[in-house]
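> Below is one structure. I have some questions about it.
Every number here is computed from the coordinates shown, using simple stated rules; none is lab data. No experiment lies behind these values; they were computed from the predicted model shown. Here the Cβ positions follow ideal geometry from the backbone for every residue, glycine too, while neighbour counts run over all protein chains shown.
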Amino acid sequence: MPEGDTIFRTARTLHRALAGRVVTKFESVYSQLTRVDADAPIAGRVIEKVEARGKHVLMWFSGDLALRTHMRMHGSWHIYRPGERWQRPRHEMRIAIETDAFHAIAFGVPNAELAAADAIERSHAISSLGPDPLADDFDADEAVRRLSDRDDMSIADALLDQSAIAGIGNVYKSEVLFVGRINPFAAVRSLTHDQIAGLVAIAVKLLRTNVAERSTAISGRRTTNRIDPSARVWVYGRGGQPCRRCGTPIAHAKQGPFARTTYWCERCQPANS
């Protein structure tokens, strides 16, 4: 599933292409969107801005309308010039928004909502989100408080809880915990305030590094700060391979209610860490 950095870059690209432009055509395969469009046409409205909230992309239109999309596992937004050939087949198109200069196409996006802007803000999907490390107004203290409140959860599962801290997915979960030298199965209640605050600070640093403008010139997400494309991450996806710090084979196991795979180093992140 795309994580907060990917969604942030997607929203930034959409904003740069579309903000200030008038919609000339709106199309969707989702009846819940076309019904709204029939009553309050999107064509003719100005796209005011596009932004990310955790793993959601929000597109704001003039006249108090907003579109919320969530990529889930396989969704993506593409930008094309008019007449340019799409890179994915038309049957995968879920939403198409056309302007004079650019067409924004949502492929395979399974979750979409079009409604009044204040209704989108009040929706459970948005109002329940925790602080977003990529937001200008990120509140680290609030993120620490919300994580600490999940004292019966493992710290790995707590980091994935979007109502505690928004935008962290399975990759960053494993990477943040490795950098912080915290065992992923440790109960939140077993960690000190400083340890949890340290994990929040690491998450902010890693996510923001991967959305910095200079990072777009280097292909692929990086948490190790290494240029070598084969050494981009510390532990994620590296089960059985040697730890980049100590050489111990990286462990991996299914964890949590959704059985997501967690990666960690048993030496660098011992069970009592």
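> Using Cα-Cα distances under 8 Å and only pairs 6 or more residues apart, what relative contact order does region 59-202 have, in percent?
19
> Mind checking which aspartates and glutamates have their Cα closer than 12 Å to the Cα of Lys205? Skip sequence neighbours fewer than 8 apart in that chain.
List returned: Asp5, Glu175.
> Show which lysines lie in cross-link reach of Lys25 when reach means a straight Cα distance below 23 angstrom and same-chain residues fewer than eight apart are skipped.
Counting by Cα, and skipping residues close in sequence, Lys25 has these lysines nearby: Lys49.
> Points 7 angstrom from Cα along the Cβ direction at Ala19 and Asp37: gap in nanometres?
2.4
> Let me understand region 109-262 better: what is its radius of gyration from the alpha carbons, and its Dmax, in angstrom?
16.5, 54
> Moving on to the next point. What value, in deg cm²/dmol to 500, does the helix sum -39500 (n - 2.57) over DSSP H runs of n ≥ 4 give at 222 nm once divided by the residues of the chain?
Result for the chain: -8000 deg cm²/dmol, rounded to the nearest 500.
> Shifting gears a bit: Give me the distance in nm between label points sitting 7 Å out from Cα along the Cα-to-Cβ direction at Ile79 and Ala259, one decimal.
Output for this residue pair reads 4.0 nm.
> Per 5 Å bin, what is the whole-percent P(r) computed from every C-alpha pair distance within the chain?
Going from the shortest bin to the longest, the percentages are 1, 6, 12, 16, 17, 14, 12, 9, 7, 4, 2, 0, 0.
> Follow-up question, since we're still on this one. Please state the relative contact order of the chain as a whole percent: Cα pairs under 8 Å, 6+ residues apart?
In percent, rounded to a whole number, it is 15.
> Can you give me the Cα centroid spacing of region 184-251 and region 132-156 in angstrom?
Using only Cα atoms to place each centre, the spacing works out to 17 Å.
> Output the relative contact order of region 1-132, whole-number percent, from Cα pairs under 8 angstrom with separation of 6+ residues.
28
> For Cys246, what is the net charge nearby, where nearby means another residue's Cβ is under 14 Å from its Cβ and Lys, Arg count +1, Asp, Glu -1?
Net of charged neighbours comes to +4.
> Taking the Cα centre of each part, how many Å lie between region 51-92 and region 255-273?
After rounding, the separation between the Cα centres reads 34 Å.
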